[in-house]
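The values are calculated or read from the model by the stated rules, or taken from the named source; none is laboratory data. Predicted, not measured: the structure shown is a model, and the values here were computed from it. All Cβ positions, even for glycine, are placed from backbone atoms using ideal geometry, and neighbour counts span all protein chains on display. Ligands, DNA and RNA are excluded from the accessible area calculation, which covers all protein heavy atoms including side chains. Shrake-Rupley method; radii C 1.70, N 1.55, O 1.52, S 1.80 Å.
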Amino acid sequence: MATWKRDAASGLIVLVPLLLTLFVVYWIYSQIANFGLLASIESPPLRVGLAIVVFVGLVFAVGYLMRTAVGSVAETYIDDAINRLPGLRVVYNASKMGVETVLAGGSGEFQKPVKVETWDGLRMTAFKTGKSTDDGREIVFIPTSPNITTGFVVEAEPDEIQELDESTEDALTRVLSAGFGEAHDREVEELVD
């Protein structure tokens, strides 16, 4: 690859995720800052501060509510109501699963990354779920790339599963990046050395 193409690709790899992240943060801020009474505050620093306080307070209040019986009933009601809406249920469930996956930090659904031979000679990255069938097969989840919220639940014999010596985050990065994450990481490591 020509030097200018490699430089352009490296620049895009850094800037596109950064710009998308900044756009999402700005959009969330603007939605909160222009909501209700906050929109009437003229001082931008005060509006930013209050928007942050309101958002953090809302996150903690909803989080506390979810630990109670009322929160559990409310979550079930919200899930059921949104799952009746054909277009929104896909977005809602995908974003909910994505947030749960990121915030679980590997301690919940994705317990351990493994390789599973799905066809003769073809191995796929999968994650142990910690569950097994009555006949002793382990249940693993094989995510699709780059959308890890979809995939396949597979029952595999324990001897068909190869445990990996890598973290859940590394395996998820490989899947999310459609296999390019490892090469990029090695390239960065070579530059650092």
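Per-structure values
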| read-out | value |
| --- | --- |
| Within the accessible area of segment 27-75 (1.4 Å probe), percent carbon and sulfur | 77 percent |
| Accessible area expressed per residue, the chain, with surrounding protein chains retained (probe 1.4 Å, Å²) | 72 Å² |
| Angle in degrees between helix 69-82 and the longest Cα principal axis of the chain, rounded to the nearest 10 | 80 degrees |
| Rounded, prolate or oblate (a/c below 1.5 giving rounded, otherwise prolate when a/b exceeds b/c) for segment 1-87 by Cα gyration tensor | oblate |
| Mean Cα-pair separation over length for segment 1-97, i.e. relative contact order, pairs under 8 Å, 6 or more apart, % | 12 percent |
| Listed values [x] 47; [y] 75; [z] 66, entry calculated as percent of Cα pairs over 22 Å apart | [z] |
| Theoretical FRET efficiency, 1/(1+(r/R0)^6), r = Cβ-Cβ of Asp134 and Ser72, R0 41 Å, to 0.05 | 0.90 |
| In nm, spacing of pseudo-spin labels at Arg89 and Val62 (7 Å Cα→C-beta vector) | 2.1 nm |
| Simple label model, 7 Å out from Cα along Cβ direction - Val25 to Glu155, nm | 4.7 nm |
| The chain - percent relative contact order, Cα under 8 Å, separation 6 or more | 11 percent |
| Extended-chain gain in nm, criterion 0.36 nm per residue less alpha-carbon gap, Ala39 and Ala8 | 7.1 nm |
